[in-house]
Amino acid sequence: MASTNMFKNILATIDLGDEESSIRVINAALEVMVGEDTMHVVCVVPDYGRSIVGTFFPADHEQEMIKHATQELHAFTAKHVPKGTRVQHIVAHGNIYEEIIAAADQCKADLIVIGSHRPALKDYLLGPNASRVVRHARQSVLVVRH
C-alpha cells in the first residue's frame, strides 16, 4: 500500500531576526514534504504605522522594510532550501499571527510550521504568536521546539 502525504501545501513561518529558529522551521518543513509539494515561506513585517511607535519613522519606512524583507527572505531560502524545492515567497505586513493565518488560508496550506521561542527577554513580543496560531488556525500546526 502506497503511503499518501496529508500535507501538499506547507507554510513555513520565518523570523528573519532569528536565523537559528528559522532554519529549524525550514528543516522540519522539508522533513514532511514530498518532492511535488510546495513550501510557502512567509515572513511578516510588523505594522507600526498606526501606533505611537509609527510616528518616529518616516512615512515610507514600512515600504522600505517590506522591500528589505523580500530581499532577505529570498536570500534566506536560496541559502537554506535545497535547489529544486518548489517555494513560494510571501512577505506579509501587519499583525504577525493574523498575517500567518491569512497567508495559510490564501495559499490553501495543509500544515503551518512555526518555531517556538525561548522565554528570553527579546522573545516576549514574539512568543505569543505561535500559541495564537495554534489556537486560531484552521490548519494543522507543527511547532518546532528549540
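Name the residues whose placed amide hydrogens come within less than 5 Å of the amide hydrogen of Val144, ignoring near sequence neighbours (fewer than 5 apart) on the same chain.
For Val144, whose amide H was placed from the backbone, the distant partners under 5 Å are Ile114, Gly115, Ser116.
Applying a 10 Å radius around every beta-carbon, put 68-74, 8-14 in order of their mean neighbour count, most first.
Ranked by mean Cβ neighbours within 10 Å, highest first: 8-14, 68-74.
Per-residue HN-Hα couplings for segment 27-39, Karplus 6.51 cos²θ - 1.76 cosθ + 1.60 at θ = phi - 60°, whole Hz, x for Gly and Pro?
4, 5, 4, 5, 5, 9, 7, 10, x, 8, 5, 10, 9
Please list 3J(HN,Hα) in residue order for segment 79-92, calculated via the Karplus relation 6.51 cos²θ - 1.76 cosθ + 1.60 where θ = phi - 60°; whole Hz, with x for glycine and proline.
Result, rounded to whole Hz: 7, 10, 10, x, 4, x, 6, 6, 10, 10, 8, 10, 10, 9.
Starting from the Cα-Cα distance between Ala102 and His61, subtract it from 0.36 nm times their residue separation and give me the gain in nm to one decimal.
Fully extending the segment from Ala102 to His61 adds 12.4 nm.
Please sort 24-35, 83-94 by packing, taking for each peptide the average over its residues of neighbouring beta carbons within 10 angstrom, highest first.
In decreasing order of mean packing, 24-35, 83-94 become 24-35, 83-94.
For the residues Met6, Met65, what sequence is obtained by ranking on other C-beta atoms within 10 Å, fewest first?
So the residues, fewest neighbours to most, are Met6, Met65.
Every number here is computed from the coordinates shown, using simple stated rules; none is lab data. Here the structure is a predicted model, which is why all the values come from computation and not from measurement. Cβ atoms come from the backbone with ideal geometry, glycine included; neighbour counts cover every protein chain shown.
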